[in-house]
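The numbers here are math on the coordinates, done by the rules we state, and not lab data. Fair warning: this is a prediction, and the values are worked out from it, not measured in the lab. In this analysis, Cβ positions are derived from the backbone assuming ideal geometry, glycine residues included, and neighbour counts consider all displayed protein chains.
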Amino acid sequence: MHEKIITFASPVFFILIAIEFIVARKRQRHLYRMNDSLNSLSLGIMSQIIGAFSKLFSIGMYALVLKYLSLFSLPSDSVWVWIAALLLYDFLYYWLHRMGHQTNLLWAAHVVHHQSEQYNLSTALRQTSTGPLFGWIFYLPMALIGFPLDVFIAVALIDLLYQFWVHTEQIGKLGWFDRVFVSPSNHRVHHAVNDMYLDKNFGGILVIWDRLFGTFIEERDHVAIVYGTRKPLRSWNPLWANLEVYEQVWRDAWNTRRWRDKLQIWLRPPGWRPADLMAQSAPLTFDIHRPAYDPSMSKATTWYCIAQFILLLEAATHFLLVYNNISALNATIYVSWLVMGLWCIGGLMERGRIYLLPETVRILCILIMNLFTASWFYSFALSTPAQALLTATCLISLGGLWLIFSRQKTHGHLPH
């Protein structure tokens, strides 16, 4: 249900993104870069389609605790139960979010949301695919108290949807609202890597929690905010975006000698390393004036990536609407094909020649499936006109891809 509501809300998200883009252009503020925005949106899609599987686990754990360990049985038709649930959820979200910045295990998941070096509404959709692995633990107090599952799911969705609009630079300070609620001004601070702003303003809906627990700071008019992370991703690869911190921490845990360090590194703050590893290499210095990651692309590559992203977006929307009605095997194959497509788009935006082959294979898989099964991942039968259109789309895609390939230059990169 959660994924379906997000799916139906997606057109509203894109309309608001378009409005923000137009307003920013009129104000001579160019807040969008195509590669960065496509990367953020790709990570949002990946989060939703993978979440169709992973959230079954987190919601299942909540349901189990609610059934066997809850202290009370709260009614779902009480207004006060809903108000209390939303307040408690937002309070627990504050602590999950805060710990997500203070422990490697949780930061490895949350870092995805902070990797963009721009700040706009597309950044709001840049979400982790691994967050459900451990995030559910923080919400178990709601199950222990006895908040019904449907109430929990609904307030979680409300909290999530609220946070979309605060990811913008087009709305300034809002007076009293900034002192009570999470606002664009407050949340811009949260995404900053400036020393004075680092690890502040963790609230989801209410910023009161930050004021109570000493993590609030007001946006300063004279301080230019720099966005991103202290260790920049510098890649459009959505898979690597989700795995970079896990890989880094795992490598350090493997290489350090003491078993205590192998375990505690996962619970230590980002950037912490065991003493023996610190002695081997100096820590990387952070340059707040670094140039943004922005590899150039040819117009042909740009339009190809946009077109393929739109097609994948449509396919992902379809998957989220039908995955409950197809077999687990077909759903897994469907998601794998979608993730492969998003991975290839990211690679092509980096001008990586090696992505031409997997992208060709991805399109050929659809062409072969279309010719021999006359169905779309066994979810529905394709009519003859639909088959013809799909075949034409695959052939045009292959033609465009190899036109780009034919113009490539040396050094293994696509044309600038």
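For this structure, a couple of remarks:
- Cα→Cβ-extended label distance, 7 Å offset, between ILE306 and VAL81, nm: 4.9 nm
- Hz values of 3J(HN,Hα) by residue in region 206-217 - Karplus curve (6.51, -1.76, 1.60), Gly and Pro given as x: 9, 8, 4, 4, 5, 5, 5, 10, x, 10, 9, 8
- Rg to Rh quotient for region 1-127, alpha carbon positions, Kirkwood Rh: 1.04
- For LEU206, distant residues with modelled amide H under 5 Å away: VAL182
- Sorted largest first, extent of the chain alpha carbons per principal axis (Å): 59, 55, 52
- Annotation: for a label point projected 7 angstrom from Cα along Cα→Cβ of GLN280, residues of region 217-259 with backbone N closer than 19 Å are 245-259.
- Per residue of the chain, the DSSP helices (runs of n ≥ 4 H) give a summed -39500 (n - 2.57) that works out to -20000 deg cm²/dmol at 222 nm.
- Based on alpha-carbon atoms, the Kirkwood radius and the radius of gyration of region 192-326 give Rg/Rh equal to 1.06.
- Principal semi-axes in Å for region 235-306 [√(5λ), Cα gyration tensor, largest first]: 35, 16, 9
- Each of PRO132, ILE49, SER406 was scored by the projection of its Cα onto the charge dipole of the chain, and the greatest displacement toward the positive side belongs to SER406; charges sit on the C-beta of Lys, Arg, Asp and Glu.
- Region 91-188: trypsin sites (Lys or Arg not before Pro) falling in loop per DSSP and having at most 15 other Cβ within 10 Å: LYS173
- Cα pair count fraction exceeding 18 Å, expressed as % - region 128-248: 63 percent
- Amide H contacts of GLY352 (H built 1.01 Å from N, under 5 Å, at least 5 apart or other chain): LEU414
- Ellipsoid equivalent to region 304-416 - semi-axes via the Cα gyration tensor, in Å: 27, 16, 11
- Region 159-220-region 298-326 distance, computed between alpha-carbon centres (Å): 33 Å
- Quotient of Cα Rg and 2.2 N^0.38 Å for region 306-352, N being how many residues it contains: 1.25
- About its Cα centre, the chain has a charge dipole of approximately 820 debye under the convention of +1 per Lys or Arg Cβ and -1 per Asp or Glu Cβ, with nothing else charged.
- Couplings for region 375-383, taken from phi via the Karplus curve 6.51 cos²θ - 1.76 cosθ + 1.60 with θ = phi - 60°, read 9, 10, 6, 6, 9, 7, 7, 8, 6 Hz in order; Gly and Pro are left as x.
- Set LYS67/LYS231; LYS26/LYS173; LYS200/LYS262 screened for pairs whose C-alpha atoms are more than 32 Å apart: LYS67/LYS231
- Overall size of region 63-127 from C-alpha positions, given as principal axis extents largest first: 45, 26, 17 Å.
- Per-residue ³J(HN,Hα) for region 355-368, Karplus 6.51 cos²θ - 1.76 cosθ + 1.60, θ = phi - 60°, Hz, x for Gly and Pro: 7, 5, 5, x, 5, 5, 4, 4, 5, 5, 4, 5, 4, 5
- Taking the chain and dividing mean pair separation by its residue count, relative contact order in percent (alpha carbons under 8 Å, at least six apart): 17 percent
- Largest GNM mean-square fluctuation among HIS289, HIS318, HIS114, using the chain with Cα springs under 10 Å: HIS289.
- Selection among LEU367, ASN324, HIS167 by position relative to the dipole of the chain gives LEU367 as farthest towards the positive end (Cβ unit charges, Cα centre).
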